[in-house]
């Protein structure tokens, strides 16, 4: 097998337009009602209630999903005003910049020989293939160019402001960063240094004097939470992005609307698997709030959930 034989289909991006009509199946899940079907129906209802009633609407997700076609859907959900705060992980910025600025990801398989892929200079992310030249080198080039330009304006930047500067310079309608810049939706990445983007920021800081002020990101969330009337969140996956979302909402006595979409289980005591009821004990979700946990793969469930917002 040759390296080029693996690059047969490029990973694309879906949009809200692509999922129109899926909402007609939401009522079908209500009729089925059993097991996860009931949770999916409830989740769709909660998201619609959140849109009507909550002025502060979080969407939280992990970076692996941005390597898939969901990237375009995330961008559309932001661009169309369904969510006004994004909390995510460092790799989201990596993948969004890489795919927006010349890098191509390809459809692959979980079963490929990883020793072979390493010899071919290909990273594997699940069943997605990321050529090395489509990832690290692209991010490094973009970070260098942008940082060297913006430090002429000022040296110190809040994380969300810095990400708007990158989004301003991206010319890709499927870019999460671009959509967030256009709508002035803050993207909060509490683990921003954990990844290629953060590492390259550090490297450029050694030459340019760039300073990253994450306390300003915390001030932004604090101001939004303390001034809102009601808040809600769609939380996809776990880890730091999930925790940062629910953590800040405890200071207003918890989220009013919460949908967890996850594959993690609670038996090991991890935050990723913790159900909404545990967050109630921490004051991060209101006691009598609308909340549900949906178990399933986000690449299948999220398009159905998102379609409910269109109905």
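Conditions: (1) at pLDDT 95 or above; (2) assigned to a helix (DSSP H, G or I); (3) loosely packed, with under 14 Cβ neighbours inside 10 Å. Residue 28 meets all but one. Number of the miss?
Of everything listed in (1) at pLDDT 95 or above; (2) assigned to a helix (DSSP H, G or I); (3) loosely packed, with under 14 Cβ neighbours inside 10 Å, residue 28 misses just condition (1).
Select from the range 99-120 the residues that are in contact with a helix residue (DSSP H, G or I) (Cβ under 6 Å, 6 or more places away or on another chain), without any contact (Cβ under 8 Å) to a residue 60 or more places away in the chain and either over 16 Å from residue 174 (Cβ atoms) or assigned to a helix (DSSP H, G or I) (or both) and list them in ascending order.
Correct list: empty.
Return yes or no: is residue 260 in contact with a helix residue (DSSP H, G or I) (Cβ under 8 Å, 6 or more places away or on another chain) and either in contact (Cβ under 8 Å) with a residue 40 or more places away in the chain or not in a helix (DSSP H, G or I) (or both)?
The answer is yes for residue 260.
Kindly indicate which of 37, 44, 54 is under 20 Å from residue 291 (Cα atoms) and surrounded by fewer than 18 Cβ atoms within 10 Å (Cβ to Cβ).
Result of the check over 37, 44, 54: 37.
Looking for whichever is under 30 Å from residue 148 (Cβ atoms), over 20 Å from the mean Cα position of the chain (by Cα), surrounded by fewer than 16 Cβ atoms within 10 Å (Cβ to Cβ) and modelled with pLDDT of 95 or more here; the options are 211, 204. Which one fits?
Exactly one of 211, 204 is under 30 Å from residue 148 (Cβ atoms), over 20 Å from the mean Cα position of the chain (by Cα), surrounded by fewer than 16 Cβ atoms within 10 Å (Cβ to Cβ) and modelled with pLDDT of 95 or more, namely 211.
Kindly indicate the residue of the range 266-300 that is touching a strand residue (DSSP E or B) at 6+ places or on another chain (Cβ under 6 Å) and in a helix (DSSP H, G or I) and also surrounded by the most Cβ atoms within 10 Å (Cβ to Cβ) among those meeting that condition.
The qualifying residue surrounded by the most Cβ atoms within 10 Å (Cβ to Cβ) is 279.
Given the conditions (1) surrounded by 17 or more Cβ atoms within 10 Å (Cβ to Cβ); (2) touching a residue at least 24 places away in the same chain (Cβ under 8 Å); (3) under 16 Å from the mean Cα position of the chain (by Cα), and given that residue 194 satisfies all but one, which numbered condition is not satisfied?
Unmet for residue 194, out of (1) surrounded by 17 or more Cβ atoms within 10 Å (Cβ to Cβ); (2) touching a residue at least 24 places away in the same chain (Cβ under 8 Å); (3) under 16 Å from the mean Cα position of the chain (by Cα): (1).
Within the range 122-132, does at least one residue satisfy the condition of being in contact with a strand residue (DSSP E or B) (Cβ under 9 Å, 6 or more places away or on another chain), touching a residue at least 24 places away in the same chain (Cβ under 8 Å) and assigned to a helix (DSSP H, G or I)?
No, the range 122-132 contains no residue that is in contact with a strand residue (DSSP E or B) (Cβ under 9 Å, 6 or more places away or on another chain), touching a residue at least 24 places away in the same chain (Cβ under 8 Å) and assigned to a helix (DSSP H, G or I).
Exactly one of these conditions fails for residue 165: (1) within 20 Å of residue 191 (Cα to Cα); (2) in contact with a strand residue (DSSP E or B) (Cβ under 9 Å, 6 or more places away or on another chain); (3) in contact (Cβ under 8 Å) with a residue 60 or more places away in the chain; (4) assigned to a helix (DSSP H, G or I). Give me its number.
(3)
Which ones in the range 217-242 are exposed (fewer than 15 other Cβ atoms within 10 Å of the Cβ) and part of a helix (DSSP H, G or I)?
219, 222, 223, 226, 227
Could you check residue 71 against (1) farther than 19 Å from residue 298 by Cβ; (2) surrounded by 22 or more Cβ atoms within 10 Å (Cβ to Cβ); (3) out of contact with any strand residue (DSSP E or B) (no Cβ under 6 Å at 6 or more places or on another chain) and say which number it fails?
That leaves (1) as the condition not met.
Just need a number here: residues in the range 151-161 that are out of contact with any strand residue (DSSP E or B) (no Cβ under 7 Å at 6 or more places or on another chain) and touching a residue at least 40 places away in the same chain (Cβ under 8 Å).
Total meeting the criteria: 2.
The values are calculated or read from the model by the stated rules, or taken from the named source; none is laboratory data. Treat the numbers as computed from the prediction; the structure is a model and nothing was measured. Every residue, glycine as well, gets a Cβ built from its backbone with ideal geometry; the counts of neighbours run over all protein chains shown.
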